[in-house]
1. Please determine, by comparing only the residues of region 137-186 that are under 16 Å from residue 116 (Cα atoms) and at pLDDT 90 or above, which one is surrounded by the most Cβ atoms within 10 Å (Cβ to Cβ).
2. If you take just the strands (runs of 3 or more DSSP E) that sit entirely in region 1-89, which of them hold at least 1 residues that are within 14 Å of the chain's Cα centre (by Cα) and modelled with pLDDT under 90?
């Protein structure tokens, strides 16, 4: 009930906030994935967050608690990247039906170990515990469908979907994903 009241208070105070899709923006597909490792204090499950853009326009986003407990932050981030990859692959195929072909779609991840795991085809003994279904990202990277790119944690746009943030950071990220206050627009 407490969470519902917070949501209703937020909605009441933000009637002029919405997504902005700029006219004539660049048309490039890209994704951002992040995870809040063991963020749930009750069951220690991580929260996955991802968002996908066409140019500067947010077209898809997700926030979901993982089904299982991750044993490391690398595993949590790797699973989040795999989830984002699945969405990017679906979007890439759908846009191909409309005549848009994207090569090496960038996926921005702020965890260096997860990026290395996705780009290295060698199966390390330390990653044995990660379910095989999450390793399809390696195949996508080796085929050239997805390119795993590094990003600084403070610039990670998917951060807004994984954990509560201070007002300053929340507002900055909200503006970065083009959710703006239309009462300030003339």
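The values are calculated or read from the model by the stated rules, or taken from the named source; none is laboratory data. Source: prediction; values computed, not measured. For neighbour counting, all protein chains shown are included, and Cβ atoms are generated from backbone atoms with ideal geometry for every residue, glycine included.
1. Among those that are under 16 Å from residue 116 (Cα atoms) and at pLDDT 90 or above, it is 146.
2. 29-36, 47-54, 57-65
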